[in-house]
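Notes for the one structure printed next.
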Amino acid sequence: MMTPLLYGGAGVILFALGLWAFLVHEPLLRKLIALNIMGSGVFHLLIAIAERGALPPDPVPHAMVLTGIVVAVSATALALAMGRRLEDDDDAR
């Protein structure tokens with residue numbers, strides 16, 4: 001089966017690229033995007049782990065990915081709002 005290897009490899013590459021971008025870039029928005037890319041890599045790895053050969057895939061990792069997507073969107077919105085507030089506070093000074 002090529003699919004778990006493909007998803008797992010893509011997950012590792014996405015996580016590594018996100019980690020590199022998080023460590024290299026200074027602006028808050030770029031760091032937030034890097035964290036989201038790292039999260040996408042973790043989601044890919046969870047989907048790759050769910051594969052069980054000829055049997056149907058394990059539903060628990062799929063449920064974890066769906067929950068993770070909702071949490072990631074909410075956390076991104078909160079981080080963007082907090083970042084904007086930080087910039088507004090810096091401009092007021």
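List of remarks:
- Conditions (1) assigned to a loop (DSSP other than H, G, I, E, B); (2) farther than 14 Å from Gly11 by Cβ: number failed by Val60: (1)
- Condition check for Ala79: of a type outside the set (S, T, N, Q), over 22 Å from Glu26 (Cβ atoms) and in contact (Cβ under 8 Å) with a residue 12 or more places away in the chain: no
- Enumeration of residues in region 1-12 that are exposed (fewer than 13 other Cβ atoms within 10 Å of the Cβ) and part of a helix (DSSP H, G or I): Thr3, Leu5, Leu6
- Region 36-68, residues that are in contact with a Phe, Trp or Tyr (Cβ under 7 Å, 6 or more places away or on another chain), in contact (Cβ under 8 Å) with a residue 24 or more places away in the chain and either hydrophobic (A, V, I, L, M, F, W, C) or over 15 Å from Ala16 (Cβ atoms) (or both): Met38, Val42, Ile47, Ala48, Gly68
- Some residue of region 21-34 being in a loop (DSSP other than H, G, I, E, B) and either surrounded by 15 or more Cβ atoms within 10 Å (Cβ to Cβ) or touching a residue at least 24 places away in the same chain (Cβ under 8 Å) (or both): no
- Within region 35-59, the set of residues being under 8 Å from the mean Cα position of the chain (by Cα) and over 18 Å from Leu6 (Cα atoms) comprises Leu35, Asn36.
- Residues within region 82-93 that are surrounded by fewer than 10 Cβ atoms within 10 Å (Cβ to Cβ) and under 29 Å from Gly11 (Cβ atoms), tallied: 0
- When Ile47 is tested against the conditions (1) modelled with pLDDT of 95 or more; (2) closer than 19 Å to Val73 by Cβ; (3) β-branched (Val, Ile, Thr), the lone failure is (1).
The values are calculated or read from the model by the stated rules, or taken from the named source; none is laboratory data. Computed from a predicted model, the values in this text were never measured in an experiment. Neighbour counts run over all protein chains shown; Cβ positions are idealised from the backbone, glycine included.
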